[in-house]
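Here, each number is a calculation from the coordinates, and none is a lab measurement. Please read these numbers as outputs of a predicted model, since none were measured by experiment. All Cβ positions, glycine included, derive from the backbone under ideal geometry; neighbour counts span all protein chains shown.
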Amino acid sequence: MKQKLVIVGAGMASGRVIEHLVENAPDAFDITLFNAEPRGNYNRIMLSPVLSGEQTYDDIVTHDDAWYAAHGVTCRFGEPVIDIDAGAKVVEGQNGPLPYDKLVIATGSAPFIIPVPGKDLPGVITYRDLDDTNAMIEAADKGGKAVVIGGGLLGLEAAAGLAERGMQVTVVHLMGHLMERQLDEAAGYLLRKDLEGRGITIRTQASTKAIVGEGRAEGVLLDGDEVLPADLVVMAVGIRPETRLAQNAGLDVARGITVNAQMQTSNPDVFAVGECVEFNGTLFGLVAPLYDQAKVLGQSLLGTPDAFIVKDTATKLKVTGCNLFSAGDFADGEGREDIVLRDPGKGIYKRLVIEDDRLIGAVMYGDTADGNWFFQLIKDGTDIDEMRETLIFGPAFQGGASVDPLSAVAALPRDAEICGCNGICKGTIVDAIDGGATDLGAIKATTKASASCGTCTGLVEQLLQVTLGDAFEMPTVQPICGCCDLTHEDVRRLIKSQELKSQEAVWQELAWKTRNGCHVCRPAVNFYLLADWPLEYLDDPQSRFVNERKHANIQKDGTFSVVPRMWGGITNADELRAIADAADKYDVPTVKVTGGQRIDLLGVRGADLPAIWADLNKAGLVSGHAYAKGLRTVKTCVGTDHCRFGTQDSTGLGIKLEQTLWGSWTPHKVKLAVSGCPRNCAEATCKDVGIICVDSGYQIGVAGAAGMDLKETERLCDVATEQEAIDVTTAFVQLYRENAKYLDRPYKWVAKVGLDWVKARVVEDLDERRRLIEAFELSQSIYRTDPWAEHARQAARYQPMADLTLEAAE
Amino acid sequence: MNWIDIGPIGDIPLRGARTIKTEAGCVAVFRTGTDEVFAATDRCPHKGGPLSEGIVHGQSITCPLHNWVFDLNTGQAQGEDAAITTFGVKIEDGRVLIDASQLAAKSAA
């Protein structure tokens, strides 16, 4: 006699189970299929092409009514199951009960709704089934703005589909980069760039506080109290197994319905399959393991021994034009190594993770053609030691001879394009070389090759080498560090010209060879980014040396020094009292008067820093930035206030300069001085900017030094008014910020660019001077604040994270 | 193995470090750009610099005093015949756990 098999849920997993049963044992079961949706099985993973309009529902139906009829499956579609009585072995459908011999629960998953106010408003939809898809298509037909909450696989497919249908889409994502579970930061950056290129706005590290609107969703309120207007809100933050029926039936449920390797639940006659199950602590969301489960369940129902095992899965995003692939485990770990290939011009990024000579993970963006080959290597655990050198180039490169870049260049045909920017072919360059252009500069001048973006410089040099042989000496350019092939100057230029506004953008576009730089390049890149993009780029404390991160100077014993600012070297009894009290309270062993006219408290314990800052703040004292590659001090003499020789108010000008410039970050430290007369008591003639007051006004000198090198300032210009002195100084500092190499003091930078070049911009060209001042002020709108006040509020970060000595005592 | 919970991963800045006090002295707990954690003595064998104040890059740490670079997997200093002691540490459900048995073994030694 046929057994009665009842299946709850007509999804992709249960569909595969039925296929298996009707193929292998068509007479074994009398099958009844319940589905809450009023339709049978369709290919859910193809909903995205339906949303974007590339396919229709009819294209993605897997089993139509005729198929179910032909195989004798009784369909109860549009009928939710209300209860399961596992004791009596009866399923309670909305339209009546049905007894079973074997039961399969395939209830799938439900979208996770974030519990914020407004989540139930009309106009808020999830993205899970055909009804959701149709609701989105209907909303998109009206046009307007859509906000998609969730930058994972589902959310991005929804966003791309809605954008394709003409909506203005913003994706709000809680984490730092898109699809963080499948992609590393670099691939996430490329994906973001691609999506932004389609007009989708991406907001990462954005937390949704509420959905607002009168009677229907009108906007999404973010954590910073910003409201993103929205006619449609799509929630796609994740899914959770739909386990309510199983739970009510008394089956074992953890996060999902617990099953054994035979897909059997805690009740021997009840099985479960698909996204609703949990096996060995694992949940399943991608289709490949679900099909494996379906096959095992089919065998179990037929009494054939089989066991489900968890395998690696690969992910692809179904957004036309965004090629990404991720498989296996690509987190770093002990003994794991990376192979990274970046081709910024083509937007390609590939990363392989290797452990014990085996490939265990792969992330690819831009070119995913070899994805399946890599995936196979991961699944098979193939020993890749032999092909390691060329592994990242894919199967096409295996077994070939090793590639020598010079012979590759030599083999290029004459019409091969070398310089993409200017469309210069190899033949043109070779002719130029034969015509006497024997170095890079001459090639640039005669052919324009490598004169624009410069990424082909290496190729041009190789051509010179191939053509001239030993007659050509490769120039020794000094890259920033081993992480890249570019000089500081190149990186600065490219950050500006290519509008690179994040570290990830720099690493990718400028072909960094390490994942996130090193202690040499990171602080430099961090400075370049914040100097060029003060509003767009957020300063990264973790890319700064300890002194700048901690806003205090580390001493050789690991303690710190604290130097409050004394504007122009002026202080008063209250400030001195506060400093003396702090010195007492925190047992400061050394109090020293510095050369920059202020007071240094040396030997403060790291953990005490926030407290001592808070105390000094209370007395009105702020950070003196004695630790910063930024404005240090403006040394002054007493000028006309007290001195019988003083010609101008040098103290007043010093204070005004310090108040204008403080807080700004510069390539290296900047020290100023203002002397009230040519007797120069403030020693202004060896400073980065030194002003000497005279009867007729102010003599501004720059590029002095009194450190490793000793150098007198050079006269930049003479000005008549105090305001002009401030303007010229500000413009000079900004020009230095925009152009100098990180860790070059102004005197080194001026020596490279020439004083005339500086004069032309700061003194002669008044429009440029104005632009420089405006750019400086824009940056200062962010950075002219007291970092101590901010850090004193985060005191916990300066304490140990945990104290295990106490734990041991307990 | 005796895993002790020392706090949520979010308490350590990305590409940064925090310290914990132990019987064996200060231990630095590092978090890399891809959310892996490592733990090692918070003292550079060169001149005693606090490694927790250094720059974390890839799976390495650079000492803030004189730029010695250590591989956090092995503790080995790059190009120097010196190493720091590393400790077992892992993330579970967003919490950082450290192997206290190793810490105890060190303080007993």
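Key figures for this structure:
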{"quantity": "Mean separation of Cα contacts under 8 Å (6+ apart) over length of chain A, as relative contact order %", "calculated": "7"}
{"quantity": "The protein assembly as shown - Debye-derived log10 I(q)/I(0), Cα point model, q = 0.08, 0.10 Å⁻¹", "calculated": "-0.94, -1.30"}
{"quantity": "Charge dipole magnitude, Cβ of K and R +1, D and E -1 - region A:88-213, Cα centre, debye nearest 20", "calculated": "280"}
{"quantity": "Inter-site label distance for residue A:555 and residue A:799 at 7 Å from Cα along Cβ, in nm", "calculated": "2.4"}
{"quantity": "Qualifying lysines (Cα of each under 23 Å from Cα of residue A:350; at least 8 residues distant if same chain)", "calculated": "A:193, A:311, A:316, A:318, A:379, A:501, A:513"}
{"quantity": "Long-range HN-HN contacts of residue A:486 with modeled amide H, under 5 Å", "calculated": "A:480"}
{"quantity": "Debye equation applied to the C-alpha atoms of region A:236-374, log10 I(q)/I(0) at 0.11, 0.12 Å⁻¹", "calculated": "-0.56, -0.64"}
{"quantity": "Region A:617-758, dipole about Cα centre (Lys/Arg Cβ +1, Asp/Glu Cβ -1), debye to the nearest 20", "calculated": "660"}
{"quantity": "Extension gain, residue A:247 back to residue A:280 (0.36 nm per residue minus Cα-Cα distance, nm)", "calculated": "10.1 nm"}
{"quantity": "Cα-projected label distance for residue A:119 with residue A:1, points at 7 Å along beta-carbon direction, nm", "calculated": "4.7"}
{"quantity": "Calculated FRET value between residue A:778 and residue B:83, using beta carbons and R₀ = 51 Å, to 0.05", "calculated": "0.60"}
{"quantity": "Computed log₁₀ I(q)/I(0) - Debye formula, equal Cα scatterers, no solvent, region A:159-257, q 0.19 Å⁻¹", "calculated": "-0.97"}
{"quantity": "Region A:173-259: GluC sites (Glu not before Pro) falling in loop per DSSP and having at most 12 other Cβ within 10 Å", "calculated": "A:214, A:226"}
{"quantity": "Estimated 222 nm signal from helices in the protein assembly as shown, with DSSP H stretches of n ≥ 4 weighted -39500 (n - 2.57), rounded to 500", "calculated": "-8500 deg cm²/dmol"}
{"quantity": "Of all DSSP beta bridges in chain A, antiparallel share, percent nearest 5", "calculated": "65"}
{"quantity": "Approximate spin-label separation residue A:448-residue A:389, in nm, with each point projected 7 Å along Cα-to-Cβ", "calculated": "4.0"}
{"quantity": "Förster-model FRET efficiency, 56 Å R0, residue A:760 and residue A:415, C-beta, rounded to 0.05", "calculated": "0.85"}
{"quantity": "Net lengthening on full extension, residue A:380/residue A:753 (0.36 nm per residue, minus Cα-Cα)", "calculated": "128.5 nm"}
{"quantity": "Cα centroid separation - region A:144-215 against region A:717-762, whole Å", "calculated": "43"}
{"quantity": "Cleavage-rule hits, GluC sites (Glu not before Pro), region A:507-612, DSSP coil, Cβ neighbours within 10 Å at most 13", "calculated": "A:536"}
{"quantity": "Simple Cβ-charge dipole of the protein assembly as shown, Lys/Arg +1 and Asp/Glu -1, about Cα centre, in debye nearest 20", "calculated": "2220"}
{"quantity": "Qualifying aspartates and glutamates (Cα of each under 15 Å from Cα of residue A:741; at least 8 residues distant if same chain)", "calculated": "A:489, A:490, A:532"}
{"quantity": "Other-chain or far-sequence residues with amide H under 5 Å of residue A:635's (modelled H)", "calculated": "A:672, A:673, A:674"}
{"quantity": "Region B:3-105, relative contact order in percent, only Cα pairs under 8 angstrom and at least six apart counted", "calculated": "28"}
{"quantity": "Per-residue Cβ neighbour rank within 10 angstrom, fewest leading, B:52, A:502", "calculated": "A:502, B:52"}
{"quantity": "Backbone N within region A:500-531 under 16 Å of label point (7 Å from residue A:481 Cα along the Cβ vector)", "calculated": "A:503-504, A:506-508, A:511-529"}
